[in-house]
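A short write-up of the structure that comes next.
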Amino acid sequence: MSLIISSSKNFFDIKGTLDRNSVSMFQKEFENVFEKLQSVTINIEGLKSIDKLGVTALAKLHNEALLKKTKLSIIGFGCKELYDDFKTFDAA
């Protein structure tokens, strides 16, 4: 399944697979998003799988939000790989 990103104002719904084949589309969608919006919410409930490049793309988006002092919320249960990566990152 490919990546599908739908949005309404500052809410983004992500469905499918975030991997090396779709990460460029993800990055393009969120390019300069923090110049346009003061807060961004990403729902990953429909994310079926994610690889290391997908996790890195989300982490970079998180870091950009911190640098620009904007709010980024990632909501939904999504896929286990993402939570495992962030859990490992927090523990380090």
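The values are calculated or read from the model by the stated rules, or taken from the named source; none is laboratory data. Just so it is clear, the model here is predicted, and its values are computed rather than measured. Please note: Cβ atoms are built from the backbone with ideal geometry, for glycine as well, and neighbour counts cover all protein chains shown.
What's the total number of residues in region 11-50 that are closer than 16 Å to residue 72 by Cβ and hydroxyl-bearing (Ser, Thr, Tyr)?
Final tally of qualifying residues: 2.
Checking residue 75 against (1) within 12 Å of the chain's Cα centre (by Cα); (2) surrounded by 13 or more Cβ atoms within 10 Å (Cβ to Cβ): exactly one of these is not met. Which one?
Checking residue 75 against (1) within 12 Å of the chain's Cα centre (by Cα); (2) surrounded by 13 or more Cβ atoms within 10 Å (Cβ to Cβ), the one that fails is (2).
Any chance region 81-88 includes a residue that's of a type outside the set (D, E, K, R) and at pLDDT 95 or above?
no
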